[in-house]
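Participant: Mind having a look at this structure? Questions to follow.
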Amino acid sequence: MREWIELQQRLVPDLLEVMAKRYVILSQVMKSESIGRRALAAALSMTERTLRAEADFLKAQGLLEANAAGMRITDAGRRLVESLAPFMSELSGLSELERLIRDHFRLREVIVVPGDADEVRETKRELGRAAGRVLIRSLQGGDVVAVTGGTTLAALAETITVDQPLKGVLFVPARGGFGESMDYQANTIASTLAKRTGAAYRLLHVPDHLSEDAYQSLMHEPNVREMVEVIRKSRIVVHGIGDAMVMARRRKVDARTMDAMRAEGALAEALGYYFDKSGTVIHRMSTVGLRLDDLETAEHVIAVAGGSSKGEAIAAVLRYGQDDVLVTDEGAARRLEAIIRQERQQADC
């Protein structure tokens, strides 16, 4: 594909420029769901006159529609954007970035969406859509899919679409719930995914943060133990990655433990485990649900995280070595690229 793009750039560069401009317009409208022309022009750093001409063309092609609330992308426009995504990724250099990260961390696949979730809120929804596409094509009949909580996984649940109901698929929470907003708890995300895809779901009604005594007591409950056995047999696991100290505060970890974690270099959190820069587990929560050991038997482990501030945390979790697929954004990917380049320079010294 790269050779074909280079030939097109030499022969008809204007064609690629126009295509990229129209693709960006459609992508931005899809991210925003509904947006006025003035706001769209500002978001794309484009004059309203230029945008009006392009929008009129896209509406004539049946790719955009407009009403009093603003512009929206049509189903045909959405399908076109999704079909063009691999090509546009190659054109913008994201594919090369994906290959670099994939090869360095020995992953099966890396998907990088444009943007930085730290700067543009809609980028997180794009992360969710991309992760949803990966999940759908990984599914088989009878699958159990374990999902964690968090805002990025919530975006996945809110944006996932299917052509037909996923009968026989079971969504489960990877672990107990946070003591925070219900919208971001693993139980809520599992049920939302099931409802949007026509699949089934089961819930785990236990707190996320437990004392060792409470954990042991709960694990002796037949209903809890049976549910945990189902969760630990998941063929697919989809999880987020968090900053260690941010996640520790959310889980109300005591100050003494946080100081100890900080002293040991805690950098990242996933599935209730805390990792240092090298990917070594330095602390774990007493939580009911999926354990890191269970990832060894899962066939697909999909990590979803974005934002340039998450670069080091993502690298730490990837170094642990249990993930197969990473779905991230350009902001985090550029930070990962810098980390990889630095490591290679140090290795050459």
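Participant: What percentage of the solvent-accessible surface of the chain, computed with a 1.4 Å probe over protein heavy atoms, is contributed by carbon and sulfur atoms?
Facilitator: 48 percent
Participant: Follow-up question, since we're still on this one. Note down the Stokes-Einstein diffusion coefficient of the chain in µm²/s, whole number, using a Kirkwood radius over alpha carbon pairs, 4 °C, and 1.567 mPa s.
Facilitator: For these conditions, the coefficient is 60 µm²/s.
Participant: Using the Cα centre of region 223-349 as origin and beta-carbon charges of +1 (Lys, Arg) and -1 (Asp, Glu), tell me which of Gly331, His300, Gln342 is placed farthest towards the positive end of the dipole.
Facilitator: Gly331
Participant: Give, rounded to the nearest 20 debye, the magnitude of the charge dipole that region 227-349 has about its Cα centre when Lys and Arg contribute +1 at Cβ and Asp and Glu contribute -1 at Cβ.
Facilitator: In total the dipole reaches around 380 debye.
Participant: Rounded to the nearest angstrom and ordered from largest down, what semi-axes does the equivalent ellipsoid of region 36-119 get from its C-alpha gyration tensor (root of 5λ)?
Facilitator: Working: eigenvalues 196, 46, 25 Å².
Ellipsoid half-lengths, sorted descending, are 31, 15, 11 Å.
Participant: Past 26 Å, Cα to Cα, is the threshold; run Lys59/Lys195; Lys124/Lys233; Lys124/Lys195; Lys31/Lys167; Lys31/Lys310; Lys59/Lys167 against it and keep the listed order.
Facilitator: Checking Cα-Cα distances, Lys59/Lys195; Lys124/Lys233; Lys31/Lys167; Lys59/Lys167 exceed 26 Å.
Participant: Which angle between 0 and 90 degrees, to the nearest 10, do you get for helix 222-231 versus the longest principal axis of the chain when only C-alpha atoms count?
Facilitator: 40 degrees
Participant: What is the diffusion coefficient of region 107-188 in µm²/s, taking the Kirkwood radius over Cα pairs and the Stokes-Einstein relation at 25 °C with a viscosity of 0.890 mPa s?
Facilitator: On the way: Rh = 13.8 Å.
Rounded to a whole number, D works out at 178 µm²/s.
Participant: Same structure again: Kirkwood hydrodynamic radius, region 234-349, all distinct C-alpha pairs: what's the number in Å?
Facilitator: 14.7 Å
Participant: While we're on this one: State in Å² the accessible area per residue of region 59-184; use a 1.4 Å probe, count heavy atoms of protein chains only, and round to the nearest integer.
Facilitator: Spelled out: the 1.4 Å probe surface of region 59-184, per residue, equals 47 Å².
Participant: A further question follows. Hey, in the GNM for the chain with a 10 angstrom Cα cutoff, which one of Ala333, Ala66, Ala268 fluctuates hardest?
Facilitator: Ala66
Participant: Which value, in debye to the nearest 20, describes the size of the charge dipole of the chain about its Cα centre when Lys and Arg Cβ atoms bear +1, Asp and Glu Cβ atoms bear -1, and nothing else is charged?
Facilitator: Computed charge dipole of the chain: roughly 640 debye.
Participant: At q = 0.14 Å⁻¹, what base-10 log of I(q)/I(0) does the Debye formula yield for region 1-146 when every alpha carbon is treated as an equal point scatterer in vacuo?
Facilitator: At q = 0.14 Å⁻¹ the computed log10 ratios are -0.79.
Participant: Residue by residue through region 137-144, what is 3J(HN,Hα) from phi via Karplus (6.51 cos²θ - 1.76 cosθ + 1.60, θ = phi - 60°)? Round to whole Hz and write x for glycine and proline.
Facilitator: 6, 8, 6, 10, x, x, 5, 10
Participant: Follow-up question, since we're still on this one. Just to check I understand the Karplus step: with θ = phi - 60° and J = 6.51 cos²θ - 1.76 cosθ + 1.60, what whole-Hz values come out for region 254-270, glycine and proline as x?
Facilitator: 5, 4, 5, 5, 5, 4, 5, 5, 5, 5, 7, x, 4, 10, 9, 9, 7
Participant: Can you list residues from other chains, or at least 5 along the same chain, whose modelled amide H is less than 5 Å from the amide H of Leu166?
Facilitator: Under 5 Å from the amide H of Leu166 lie the amide H atoms of Gly198, Ala199, each far enough along the sequence or on another chain.
Participant: About its Cα centre, what dipole magnitude does region 115-237 give when the only charges are +1 on Lys and Arg Cβ and -1 on Asp and Glu Cβ, stated in debye to the nearest 20?
Facilitator: So the dipole magnitude of region 115-237 works out to roughly 640 debye.
Participant: Additional query: Against the longest alpha carbon principal axis of the chain, how many degrees, from 0 to 90 and to the nearest 10, is the axis of helix 75-92 turned?
Facilitator: In the chain, helix 75-92 runs at an angle near 90 degrees to the longest axis.
Participant: So how tilted is helix 94-105 from the main axis of the chain? Cα-based, degrees 0 to 90, rounded to 10.
Facilitator: 20 degrees
Participant: Something else now. When the helices in the chain are scored as -39500 (n - 2.57) per DSSP H run of 4 or longer and the sum is shared across all residues, what 222 nm value do you end up with, to the nearest 500 deg cm²/dmol?
Facilitator: -16000 deg cm²/dmol
Participant: Just going by the charge dipole of the chain, with Lys and Arg at +1 and Asp and Glu at -1 on Cβ, which of Thr159, Ala266, Val29 is farthest out on the positive end?
Facilitator: Going by the charge dipole, the pick is Val29.
The values are calculated or read from the model by the stated rules, or taken from the named source; none is laboratory data. Note that this is a predicted model, so its numbers are computed, not measured. All Cβ positions, glycine included, derive from the backbone under ideal geometry; neighbour counts span all protein chains shown. Note: accessible area is taken over every heavy atom of the protein model, side chains too, but ligands, DNA and RNA are not part of it. Shrake-Rupley method; radii C 1.70, N 1.55, O 1.52, S 1.80 Å.
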